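What follows is a short report on a single structure.
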Amino acid sequence: GLPDQCVIGYGMTKGEGSILLSLPFVDRDADRIIESGFGNAEDTTAYAKAAIEEVVGRFGGDRDHMVLTGFSRGSIACGFIGLRDEEIAAFWKGIHGCQHYDGSRWRESTMEDAVLRAKRFQGKAIFQTDNDAEKYRPVVEATRPEVAWTWVNSGLGFHDTAMFLDDRPSTVKLREWYEELISSP
């Protein structure tokens, strides 16, 4: 099967008009992809930047309409890696997190550090599926006031990516959010 991020990306885009990139967590010292945790955060961030630049250069990725998405650990990584520094944070027009987010207190993702990273987001909107707005209030408050946050519940519970393969209301709303986001200047 496809990695969870690809299932989400496919569900969000319906597989049309977009390039989907599923990035690993890496540790250069261990010379391997990490299956649990985030790997070495600096190595993973550097790898992600290089891979994105290659996709933009070789395959015509649209630098002005990049959306970062993640599921569970990948959702936490949207902030933990995707907002790690100013350079990578500048890539994202939007972020979609599903079932956890940066600040979840999983591994190195603390709320205090998530708040600092959230300040780096310069995009337009953040969409959350199956996450609690109250739990992430400090992260929301740390983003610029003009960042639009959307919160939906899939009704399926945790760790079920099937929601992105059907037309349930939460997935329809995500597709609408994505279309509006990428069609905006």
Exercise for review: Go through (1) within 25 Å of Trp177 (Cβ to Cβ); (2) over 12 Å from the mean Cα position of the chain (by Cα) one by one and return the number of the condition Ile8 breaks.
Suggested key: (2)
Review point. Given Phe127, Phe164, Phe121, which one is assigned to a loop (DSSP other than H, G, I, E, B), crowded, with 18+ Cβ neighbours inside 10 Å and touching a residue at least 12 places away in the same chain (Cβ under 8 Å)?
Key: Phe121
Study note, to complete from the structure: In segment 24-43, residues that are open to solvent by less than 50 Å² (accessible area, probe 1.4 Å) and closer than 20 Å to Cys98 by Cα total 4
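Of all residues being under 16 Å from the mean Cα position of the chain (by Cα) and of a type outside the set (A, V, I, L, M, F, W, C) in segment 133-161, which is surrounded by the most Cβ atoms within 10 Å (Cβ to Cβ)? Just the residue, please. Please lay out each step first, then the result.
So the first thing to find is which residues in segment 133-161 are under 16 Å from the mean Cα position of the chain (by Cα), and the list is 136, 139-140, 143, 147-152, 159, 161.
Checking the rest, the ones that are also of a type outside the set (A, V, I, L, M, F, W, C) come to 136, 143, 150, 159, 161.
Details: Tyr136: 26, Thr143: 20, Thr150: 16, His159: 12, Thr161: 22.
Out of the qualifying residues, it is Tyr136.
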Point to revise | Residue pairs meeting the criteria (Cβ under 9 Å; at least 6 apart or on separate chains; first under 10 Å from Leu23 (Cβ atoms) and open to solvent by 60 Å² or more (accessible area, probe 1.4 Å), in segment 44-62; second modelled with pLDDT under 95 and among the basic types (Lys, Arg)) | key: Tyr47/Arg28
Practice item. Select from segment 4-23 the residues that are open to solvent by less than 30 Å² (accessible area, probe 1.4 Å) and not hydroxyl-bearing (Ser, Thr, Tyr) and write down the one among them that is modelled with the lowest pLDDT. Key: Cys6
Check your understanding: In segment 136-161, how many residues are at pLDDT below 95 and either among the basic types (Lys, Arg) or part of a helix (DSSP H, G or I) (or both)?
Key -> 1
Review point. Right, Ala90: small (Gly, Ala, Ser), without any contact (Cβ under 8 Å) to a residue 40 or more places away in the chain and surrounded by 24 or more Cβ atoms within 10 Å (Cβ to Cβ) or not?
Key: no
Revision key, fill the gap. Counting only residues that are in contact (Cβ under 8 Å) with a residue 60 or more places away in the chain and part of a helix (DSSP H, G or I), segment 63-80 contains a total of 3
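The values are calculated or read from the model by the stated rules, or taken from the named source; none is laboratory data. Values in this document were obtained by computation on a predicted structure and should not be read as measured data. Cβ: placed from backbone, ideal geometry, glycine included. Neighbour counts: every protein chain shown. Only protein heavy atoms, including side chains, enter the accessible area calculation; ligands, DNA and RNA are left aside. Shrake-Rupley method; radii C 1.70, N 1.55, O 1.52, S 1.80 Å.
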